Amino acid sequence: MSLLEDLQKRSGNVCELCAATDNLEVYEVQPKSTGGLDGSLLGCSTCIGQIEDPDTTDANHWRCLNDSMWSEHEAVKVIAWRMLSRLKAEGWPKDLLDMLYLEDDTLVWAKETGEGVDESEKIIHRDVNGVILENGDSVVLIKDLKVKGSSMVAKQGTAVRRISLDRENAEFIEGKVGPTQIVIITKYVKKI
Ligand SMILES: [Zn+2]
């Protein structure tokens, strides 16, 4: 069976968000790393259009999430979470969002597009000079750092390549010193 057929079967051939029966298509939930049946939903053109273009979002259309947010399918829950986050200033979406429970992995997925995150709430990592750090950057340590839980000291001047950012805390990055993955405080590094 094709993905479309699988989704038609799963959904009973209705939009998995608003239950519309016309103009249904496969929608792969961004980012498309998951793909396949678990990473997709069957959506109508109205829902998909509004997901893709925030300027056209009609809050009332999304009252359908009252029902569909209880779907057992992660892809549907992720979109419910994103759309409710986008619309939370309306009031009622915030109430639904408070009731919507996502497993940790699913929540990470839901947040991956930055939907519903205010600019002011975005976590920005900066080095000692205030330079913004991104995943994959290289940094150098500006002082000797004791590595927690070991006797190792990472020396001042050590380069740490391909850092990864702690998603939840702007003060922490991770990177490898020698073979060891360590957590480093951003104020002790300088971007190179
Ligand atoms: Zn729909």
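Worth pointing out:
- Reachable aspartates and glutamates from K122, criterion Cα separation under 18 angstrom, eight or more residues apart if same chain: E112, E134, D166, E168, E171
- Modelled spin-label separation between T180 and K122, with each label point placed 7 Å from Cα along the Cα-to-Cβ direction: 3.5 nm.
- Loop-located GluC sites (Glu not before Pro) in segment 81-165 (DSSP state not H, G, I, E or B) with no more than 14 neighbouring Cβ atoms inside 10 Å: E103, E134.
- J(HN,Hα) series, segment 43-58, from Karplus relation 6.51 cos²θ - 1.76 cosθ + 1.60, nearest Hz, glycine and proline x: x, 8, 5, 5, 4, 5, x, 6, 4, 6, 10, x, 5, 9, 5, 9
- Segment K190-D55, extension gain: residue separation times 0.36 nm, minus the distance between their alpha carbons: 44.7 nm
- The H on the amide N of F172, modeled in the peptide plane, is under 5 Å from the matching H of D166, T186, each at least 5 residues off or on a different chain.
- Bridging of K9 to lysines at a Cα separation below 22 Å is possible for K32, K77, once same-chain residues fewer than 8 apart are set aside.
- The charge dipole of segment 57-192, taken about its Cα centre with unit charges on the Cβ atoms of Lys, Arg (+1), Asp and Glu (-1) only, comes to about 1000 debye.
- Amide H contacts of V160 (H built 1.01 Å from N, in plane; Pro and chain starts excluded): V139, V140, L141 sit under 5 Å, all sequence-distant by 5 or more or on other chains.
- Relative packing of 47-58, 11-22, which averages over residues the other C-beta atoms within 10 Å, highest first: 11-22, 47-58
- Straight-line reach from K146: taking Cα to Cα under 27 Å and skipping same-chain neighbours fewer than 8 places apart, the lysines in range are K155, K176, K187, K190, K191.
- Note, ³J(HN,Hα) from phi for segment 186-192, Karplus 6.51, -1.76, 1.60, rounded to Hz, x at Gly and Pro: 4, 6, 9, 10, 10, 5, 10
- V177 long-range amide H proximity, modeled H, under 5 Å: I182
- Principal axis dimensions, largest first and in whole angstrom, of the chain by Cα: 63, 40, 26
- R10 accessible area, 1.4 Å probe, all protein chains in place, Å² to nearest 10: 60 Å²
- Along segment 66-72 the Karplus relation, 6.51 cos²θ - 1.76 cosθ + 1.60 evaluated at θ = phi - 60°, assigns HN-Hα couplings of 2, 8, 6, 5, 8, 3, 8 Hz to successive residues, with x for each Gly and Pro.
The values are calculated or read from the model by the stated rules, or taken from the named source; none is laboratory data. Keep in mind that what you see is a predicted model, and the values were worked out from it rather than measured. All Cβ positions, glycine included, derive from the backbone under ideal geometry; neighbour counts span all protein chains shown. Quick note on the areas: whole protein, heavy atoms, side chains included, nothing else; ligands and nucleic acids left out. Shrake-Rupley method; radii C 1.70, N 1.55, O 1.52, S 1.80 Å.
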